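The values are calculated or read from the model by the stated rules, or taken from the named source; none is laboratory data. The structure displayed is predicted, hence computed values, not measured ones. Every residue, glycine among them, receives a Cβ derived from its backbone with ideal geometry; neighbour counts consider all protein chains shown.
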Amino acid sequence: MEWGPIILTFRLAFLTTLILMLISIPLAYWLSRTKFKLKPILETLISMPLVLPPTVIGFYLLVAFSPNNSLGTFLRESIGLQLVFSFSGLVFASVIYSLPFMVHPIQAGFANLPASLTESAYVMGKSQWTTLRKVLLPNIRSSLLTGIVLSFAHTIGEFGVVLMIGGNIPNKTRVASIAVYDEVEALNYAAANQYSLFLFIVSFAILLAVYFINGNVLNKFWK
């Protein structure tokens, strides 16, 4: 087993999770509070990766950002960004594909908080940013951790999306899930088993952490 695909996989998962945190916290907060009439449409779009085949998402991203497409040409010529068959493309696709796994738990956490928490903070003169950072986020620790863990785990297990947008370029876009497929195609089951067993153990550990979080076992570490 080569460690290159493993390292690339965890690098992808880390960057994707970090970006998702920056995007999902304000988005989930807004969704939990807004009465915007088109909110169901936006929530549907966010949730689409839960039901769409990954290859469908990957296909449309491939078409959209292809160098032969006007958008892909614009990005490449204007800011030097090429998303097709690149690590940047893997990150972009992973953020889209794992978005609901971060947004949904955090949105549910915000929605379950009593309105009195926010109102009390405002009465005490706290700004909206301070209220979010010092009052609301500490009270949704479990939801936040669940979103982080699930997004990280989901990114590790991606296959169809990353294969479509990134291809299979060693040391660039060949993540662990693709490496498993390659080894099986080459009838190298020993190497495929090593990759698969490693991913199985990591995924099990991550999901176990989710159950601990949901059981409030880890809450004591935040005190």
(message) Can you confirm whether Thr130 is modelled with pLDDT of 90 or more and of a type in the set (S, T, N, Q)?
(response) no
(message) Among the residues in the stretch 197-204, are any modelled with pLDDT under 85, surrounded by 13 or more Cβ atoms within 10 Å (Cβ to Cβ) and more than 15 Å from Gly4 (Cβ to Cβ)?
(response) no
(request) Tally the residues that are within 30 Å of Ala13 (Cβ to Cβ), among the aliphatic types (A, V, I, L, M) and without any contact (Cβ under 8 Å) to a residue 12 or more places away in the chain, restricting the search to the stretch 117-162. (result) 0
(request) Identify, from the list Leu31, Leu62, Leu15, the residue that is in contact with a helix residue (DSSP H, G or I) (Cβ under 8 Å, 6 or more places away or on another chain), closer than 26 Å to Leu199 by Cα, among the aliphatic types (A, V, I, L, M) and in contact (Cβ under 8 Å) with a residue 40 or more places away in the chain. (result) Leu15
(request) May I ask you to verify whether Ser120 is under 17 Å from the mean Cα position of the chain (by Cα), farther than 22 Å from Gly147 by Cα and not basic (Lys, Arg)? (result) no
(message) Give me the helices (runs of 4 or more DSSP H) completely within the stretch 1-109, filtered to those with at least 3 residues that are surrounded by 15 or more Cβ atoms within 10 Å (Cβ to Cβ), ordered by residue number.
(response) 4-33, 54-65, 70-79
(request) Write out, first by first residue and then by second, each pair whose Cβ atoms fall under 8 Å of each other, whose residues are 6+ apart or on separate chains, and whose first residue, in the stretch 163-177, is within 14 Å of Leu83 (Cβ to Cβ) while the second is of a type in the set (Ser, Thr, Tyr). (result) Met164/Thr55; Gly166/Ser86; Gly166/Thr173; Gly167/Thr173; Lys172/Ser86; Thr173/Ser86
(request) Could you give me the residue pairs with C-beta distances under 9 Å whose first residue belongs to the stretch 85-98 and is more than 14 Å from Ile19 (Cα to Cα), whose second residue is basic (Lys, Arg) wherever it lies, and which are 6+ apart or on separate chains? (result) Phe85/Lys172; Ser86/Lys172; Phe87/Arg11; Phe87/Lys172
